[in-house]
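The values are calculated or read from the model by the stated rules, or taken from the named source; none is laboratory data. For clarity, every value in this text was computed on a predicted model and none was experimentally measured. So basically every Cβ, Gly included, is an ideal-geometry build from the backbone, and we count neighbours across all protein chains shown. SASA here: full protein model, heavy atoms, side chains in, ligands and nucleic acids out. Shrake-Rupley method; radii C 1.70, N 1.55, O 1.52, S 1.80 Å.
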Amino acid sequence: MLLKEKKTWALPYSAVTPKADYLNRRDILKAMGMAAAAGTGLAMGFRPSGARAAGKALEYRKTGYSVDEPLTDRELATQYNNFYEFTTSKEAVVAEARDFNTSPWTVKVSGLADKTGTYDLADLIDYNALEERIYRFRCVETWSMIVPWIGVPLADVVKKLGPQPGAKYVRFQTLVDEEQMPGLNRINIPWPYQEGLRMDEAMNALPLLTVGMYGEILPNQNGAPIRLIVPWKYGFKSIKSIVGLHFTDQEPKTTWNILAPNEYGFYANVNPDVSHPRWSQSSERRLGAGLFDGREDTLFMNGYADEVVSLYDGMDLKKHY
Ligand SMILES: Nc1nc2c(c(=O)[nH]1)N[C@H]1C(S)=C(S)[C@@H](COP(=O)(O)O)O[C@H]1N2
Ligand SMILES: [Mo]
């Protein structure tokens, strides 16, 4: 699908302003011709709810992956979301995604791997091996949070699928379902949303294929029933509601890179020294920070440099942003 207009997908400037500045965001979205997305989300969202698994308690084990700071309140992390398949309004996603049906759910594995095919979610993810990891999460728009995710290491799943020597990258794709995802037709993005990792990034210990948060099954708005979490990269790499996993020898095209190649790269490593063309990345605002709390310094690789910096030996991180 071709982009009909240039500007409708751009992250609004208001995305880097504090959350409370709703009026500003709506004004900007209106100016961008997206009044529908800005104004009607809540009104349209409340439909009779079907059977939903979201919110059910999960069994998992704790791990040493943690952060020496308080968790973000569950309410904030689950009610302020980016999920453009539903709406570009962060406040309206929860209502728009309320009846999203995630059961049954299958993931198609394709490309350069021995065990390709269509998997039921429970055959791809070992629900007996779930672990909790508390990670920092940093959106490219400069808000951040600290969340206890529950899932299994991506590396374990990749190993199980038997990638072939020629597989240099893995590409992920999100569901496209116009009946269930009202944002698909409101915004000119070439769906499906897709993301990718280099194979050595995918095999690193940190990326988590995530099915829960805060002890419970992932809420729809956070990417149910399965999403990726890559804690050293900007949030847009953490693709939601995954239905496809493809092993390839080519660097995959990624959604935000297609939309704005000078603003969003394939790597998207959190880096306070490499500014976004329209704003600095040197600091961030924790969700829930009070009016007088100020901003936090953004950490190189989001604080995970020890675990991941060797992946980028010899690479110019300003060029490969
Ligand atoms: N399919 C899909 N995945 C997505 C997005 C999206 O719009 N669609 N937004 C991304 C962005 S920009 C961020 S910051 C995170 C937000 O995750 P959260 O809502 O769980 O905080 O999801 C990422 N994954
Ligand atoms: Mo983001």
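One table, with the values for the structure above:
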| quantity | calculated |
| --- | --- |
| The range 73-87 residues that are more than 6 Å from ligand 1 (Cβ to nearest atom) and modelled with pLDDT of 95 or more, paired with ones that are among the small types (Gly, Ala, Ser) and open to solvent by 10 Å² or more (accessible area, probe 1.4 Å) (beta carbon under 8 Å, 6 or more apart) | Asp73/Gly288; Leu76/Gly288 |
| Tally, over the range 75-95, of residues that are in contact with an Asp or Glu (Cβ under 9 Å, 6 or more places away or on another chain) and surrounded by fewer than 16 Cβ atoms within 10 Å (Cβ to Cβ) | 0 |
| Positions within the range 269-285 being open to solvent by less than 10 Å² (accessible area, probe 1.4 Å) and touching a strand residue (DSSP E or B) at 6+ places or on another chain (Cβ under 6 Å), in sequence order | Val270, Glu284 |
| Number of the condition not met by Gln221 [criteria: (1) more than 16 Å from Arg138 (Cα to Cα); (2) within 13 Å of ligand 1 (Cβ to nearest atom); (3) of a type outside the set (Gly, Ala, Ser); (4) open to solvent by less than 10 Å² (accessible area, probe 1.4 Å)] | (4) |
| Residue in the range 276-285 that is in contact with a helix residue (DSSP H, G or I) (Cβ under 7 Å, 6 or more places away or on another chain), part of a strand (DSSP E or B), within 16 Å of ligand 2 (Cβ to nearest atom) and modelled with pLDDT of 95 or more present | yes |
| The range 179-195: number of residues that are within 16 Å of ligand 2 (Cβ to nearest atom), open to solvent by less than 10 Å² (accessible area, probe 1.4 Å) and modelled with pLDDT of 95 or more | 3 |
| Per-region count, the range 206-218, residues open to solvent by 10 Å² or more (accessible area, probe 1.4 Å), in contact with a Pro (Cβ under 8 Å, 6 or more places away or on another chain) and within 14 Å of ligand 1 (Cβ to nearest atom) | 2 |
| Scan of the range 151-180 for residues that are within 12 Å of ligand 1 (Cβ to nearest atom), in contact with a strand residue (DSSP E or B) (Cβ under 8 Å, 6 or more places away or on another chain) and part of a loop (DSSP other than H, G, I, E, B), ordered by number | Leu175 |
| Complete set of residues in the range 96-111 that are under 24 Å from Asp249 (Cα atoms) and surrounded by 19 or more Cβ atoms within 10 Å (Cβ to Cβ) | Val107, Val109, Gly111 |
| Candidate set from the range 63-91 (those that are within 18 Å of Gly288 (Cα to Cα) and among the acidic types (Asp, Glu)); member that is nearest to ligand 2 (Cβ to nearest atom) | Glu91 |
| Some residue of the range 131-150 being assigned to a loop (DSSP other than H, G, I, E, B), open to solvent by less than 30 Å² (accessible area, probe 1.4 Å), farther than 22 Å from Asp200 by Cα and among the polar types (S, T, N, Q) | yes |
| Test: Val94 is assigned to a helix (DSSP H, G or I), closer than 30 Å to His276 by Cα, modelled with pLDDT of 95 or more and more than 16 Å from ligand 2 (Cβ to nearest atom) | yes |
| Residue count for the range 286-300, restricted to those that are open to solvent by 80 Å² or more (accessible area, probe 1.4 Å) and either modelled with pLDDT of 95 or more or in contact with a helix residue (DSSP H, G or I) (Cβ under 8 Å, 6 or more places away or on another chain) (or both) | 2 |
| Checking Tyr214 against (1) over 17 Å from Tyr60 (Cα atoms); (2) more than 14 Å from ligand 2 (Cβ to nearest atom); (3) touching a strand residue (DSSP E or B) at 6+ places or on another chain (Cβ under 7 Å), the condition it does not meet | (1) |
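A quick yes/no check of all residues on (1) out of contact with any strand residue (DSSP E or B) (no Cβ under 6 Å at 6 or more places or on another chain); (2) surrounded by 15 or more Cβ atoms within 10 Å (Cβ to Cβ); (3) within 29 Å of Glu85 (Cβ to Cβ):
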| residue | (1), (2), (3) |
| --- | --- |
| Pro231 | no, yes, yes |
| Lys237 | no, yes, yes |
| Phe247 | no, yes, yes |
| Leu259 | yes, yes, yes |
| Asn262 | yes, no, yes |
| Tyr267 | yes, yes, yes |
| Asn302 | no, yes, yes |
| Tyr312 | yes, yes, no |
| Lys319 | yes, no, no |
